[in-house]
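The values are calculated or read from the model by the stated rules, or taken from the named source; none is laboratory data. Fair warning: this is a prediction, and the values are worked out from it, not measured in the lab. Virtual Cβ from ideal backbone geometry, glycine too; neighbours counted across all protein chains shown. Just the protein is used for accessible areas: all its heavy atoms, side chains included, with ligands, DNA and RNA removed. Shrake-Rupley method; radii C 1.70, N 1.55, O 1.52, S 1.80 Å.
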Amino acid sequence: MQHYSGFGLIKHSLSHHENWQRAWRNPTPKKQYDVIVIGGGGHGLATAYYLAKEFGVTNVAVVEKGYLGGGNTGRNTTIVRSNYLWDEAAHLYEHAMGLWEGLSQDLNYNVMFSQRGVLNLGHTLQDMRDIHRRVNANRLNGIDSEALDAKQVQEIVPHMDCSANTRYPVLGASWQPRAGVARHDAVAWGYARGADAHGVDIFQQTEVTDLIIEDGTCVGVRTNRYGDIRAERVGSVTAGNSSVIAAMGGFELPLESHPLQALVSEPVKPILDTVVMSNHVHGYISQSDKGDLVIGAGIDGYNGYGQRGSFPTIEHTLQAILELFPIFSRVRMNRQWGGIVDTCPDACPIISETPIKNLYFNCGWGTGGFKATPGSGHVFAASLAKGDMHPLAKPFSMFRFHTGALVDEHGAAGVAH
Amino acid sequence: MFHIYCPHCCEHREEEEFHVKGQAHIARPVDPEALSDEEWGNYLYFRKNPRGLHHELWVHNAGCRKFFNVTRDTVTYEIKEVYKVGEQPSVVSPADKV
Ligand SMILES: Cc1cc2nc3c(=O)[nH]c(=O)nc-3n(C[C@H](O)[C@H](O)[C@H](O)COP(=O)(O)OP(=O)(O)OC[C@H]3O[C@@H](n4cnc5c(N)ncnc54)[C@H](O)[C@@H]3O)c2cc1C
Ligand SMILES: [Zn+2]
């Protein structure tokens, strides 16, 4: 792998940037792998990367039906934070946060992780009670978290209407200074490049059409392009399409796939240097380095695999954003799109064994899994390498919906991403 | 944006008047006391979530406030048919057992 550096940039400028090495190979599949990862989003690629780099399993294939990061990884609003309520979730997201903090160096790829802080606003007395509870829980878990009043919020975001005259006045917020945003496609590309350098084979435009199951054991996948590819273990990391893969194995998951929409404005001068989210009025906003305002909606209520949603959903979100930021009323929106998010009844992921032996699932991240990408990949890789679930993954078994040990993060997840 | 026919009002109305309530035809347990944890979990949480034809429950909450079923393609979002609760769908996918 060619090492990226400032010096390299200068060197390549002498040859008009025409000699950069490909970031990853375009291999043809072997007959047999140790592990096949279905899905080349951030979580799948991170899984492959850590398998090869940290757990010594280099005979790994990633099979992606479209292009890398073309699913939710390249469609999200890139908010990264770890201020979840319950220990199980907080530990998992904080594990990811730790990896984020060294990720650009580790991958030798600038993922533009920017710890600009995230505010979760409270607009009612109950909101504020929940915020205090969550902030205290975070601090007990060693996660940076503060409860702010409206005046402190106003100091951080001078352009937001924190007056008492709005319909849902801002009463305060939780504030995580280490939270922020990252460049989502760089995350997919950085992990892909790193995994490839450690020997992982990545196949794009290759759809898994069936699972090969012999005597209740998964022994590989059937693809539309390369026929059967066999493996010791198979990990499905297919987000909104997870139920489709599960159906190939003959079982159901506690998931619904929903459209989730986002939109960006025309680029404007720097005006918002942090991330503002509100569960109560249902909207969240940040500003990208390019200058566009990045705005996310809540899910559309119906099941949908179409990567698009309904207009009223966007309209409601913009109403909320304008209530908070009347100053943005004349900003024009540039682009709008949708992803397919796999929502779980307790707003927590599934990182799990399945009814089929040697078949594992990492899914259910729903509206908020981008922030977990490094941690999710890391614990899933550890689990696939050993055939035994990583301690941080154990509480997120799909069978918790049989035992009743749900991890209810609706408060911390909310609209929130 | 959907334009949905309410079989109770016998009119097409905008999506905004409706709420969707998820998979239709989930039978309540006949003998709840006899259910295992697994059966309870399956009843409460596990869903078909198909990519393709989906039978789902909607409510006309800003209209007549009555429930009804919709068969819809979850990829194209096309509504194939609307029918009342208690009725069976006429549009079904081959793999589908309602
Ligand atoms: C609009 C929007 C905003 C969001 N905002 C945030 C946010 O601010 N913060 C946050 O933390 N999270 C956010 N999320 C959620 C986040 O994007 C996801 O949880 C996360 O990216 C999931 O990553 P993944 O790698 O599991 O899935 P994906 O990136 O969706 O990857 C799954 C891959 O599997 C592939 N695949 C599917 N079926 C097959 C098959 N049969 N064969 C081969 N490949 C297959 C798909 O093509 C896809 O590339 C948002 C999501 C959306 C849609
Ligand atoms: Zn009606």
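List of remarks:
- Qualifying position, being within 16 Å of ligand 2 (Cβ to nearest atom) and within 28 Å of A:G338 (Cβ to Cβ), among B:H19, B:H8: B:H19
- The helices (runs of 4 or more DSSP H) falling completely within region A:38-146 that include 2 or more residues that are away from ligand 1 (no atom under 16 Å from the Cβ) and under 20 Å from the mean Cα position of the chain (by Cα) map to A:87-100, A:103-107.
Per-residue answers, yes or no, for (1) acidic (D, E); (2) at pLDDT below 95; (3) not in a loop (DSSP other than H, G, I, E, B):
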position: B:Y5; (1), (2), (3): no, no, yes
position: B:E16; (1), (2), (3): yes, no, yes
position: B:K21; (1), (2), (3): no, no, yes
position: B:I26; (1), (2), (3): no, no, no
position: B:L44; (1), (2), (3): no, no, yes
position: B:C64; (1), (2), (3): no, no, no
position: B:T71; (1), (2), (3): no, no, yes
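- Leading residue by the ranking (surrounded by the most Cβ atoms within 10 Å (Cβ to Cβ)) among those in region B:41-65 that are more than 9 Å from chain A (Cβ to nearest Cβ) and aliphatic (A, V, I, L, M): B:L53
- In region A:372-403, the residue that is nearest to A:S242 (Cα to Cα) out of those that are among the aliphatic types (A, V, I, L, M) and surrounded by fewer than 24 Cβ atoms within 10 Å (Cβ to Cβ) is A:M389.
- Considering B:E38, B:E78, B:E33, the condition of being more than 11 Å from chain A (Cβ to nearest Cβ) and away from ligand 2 (no atom under 16 Å from the Cβ) is satisfied by B:E33 alone.
- Of the helices (runs of 4 or more DSSP H) contained entirely in region A:368-417, those carrying at least 2 residues that are within 14 Å of chain B (Cβ to nearest Cβ) and under 22 Å from B:Y45 (Cβ atoms) fall at A:400-403.
- Meets criteria (in contact with a helix residue (DSSP H, G or I) (Cβ under 6 Å, 6 or more places away or on another chain) and closer than 30 Å to A:R222 by Cβ) for A:G122: no
- Members of region B:8-29 found to be touching an Asp or Glu at 6+ places or on another chain (Cβ under 9 Å) and in contact (Cβ under 8 Å) with a residue 24 or more places away in the chain, listed by number: B:V20, B:K21, B:G22, B:Q23, B:A24
- Residues that are within 11 Å of ligand 1 (Cβ to nearest atom) number at least 3 in the following strands (runs of 3 or more DSSP E) confined to region A:223-312: A:256-267, A:283-287, A:292-299.
- Some residue of region A:317-331 being out of contact with any helix residue (DSSP H, G or I) (no Cβ under 8 Å at 6 or more places or on another chain) and either over 25 Å from A:S163 (Cβ atoms) or in a strand (DSSP E or B) (or both): no
- For region A:104-118, the count of residues that are within 25 Å of A:V407 (Cβ to Cβ) and open to solvent by 40 Å² or more (accessible area, probe 1.4 Å) is zero.
- Filter pass, B:V82 being touching a residue at least 60 places away in the same chain (Cβ under 8 Å), outside any loop (DSSP other than H, G, I, E, B) and open to solvent by 30 Å² or more (accessible area, probe 1.4 Å): yes
- Among the residues making up region A:155-183, those that are within 29 Å of A:E101 (Cβ to Cβ) and either free of Cβ contacts under 8 Å to residues at least 12 places away in the same chain or exposed (fewer than 15 other Cβ atoms within 10 Å of the Cβ) (or both) are A:E155, A:P158, A:H159, A:P177.
- Test: B:R72 is surrounded by 15 or more Cβ atoms within 10 Å (Cβ to Cβ), touching a residue at least 24 places away in the same chain (Cβ under 8 Å) and within 14 Å of chain A (Cβ to nearest Cβ): no
- Candidate set from region A:355-371 (those that are closer than 17 Å to A:V37 by Cβ and within 8 Å of the chain's Cα centre (by Cα)); member that is most open to solvent (accessible area, probe 1.4 Å): A:W365
- Taking region A:284-306 as the range and being within 14 Å of chain B (Cβ to nearest Cβ) and in contact with a Phe, Trp or Tyr (Cβ under 7 Å, 6 or more places away or on another chain) as the test, the residues that pass are A:G304, A:G306.
- Residue satisfying all of: in region A:259-285; of a type in the set (S, T, N, Q) and more than 12 Å from A:M160 (Cα to Cα); farthest from ligand 2 (Cβ to nearest atom) among these: A:S265
- Taking the listed residues A:Y33, A:Y4, A:Y49, the one that is under 19 Å from A:C218 (Cα atoms), among the aromatic types (F, W, Y) and open to solvent by less than 80 Å² (accessible area, probe 1.4 Å) is A:Y33, with no other qualifying.
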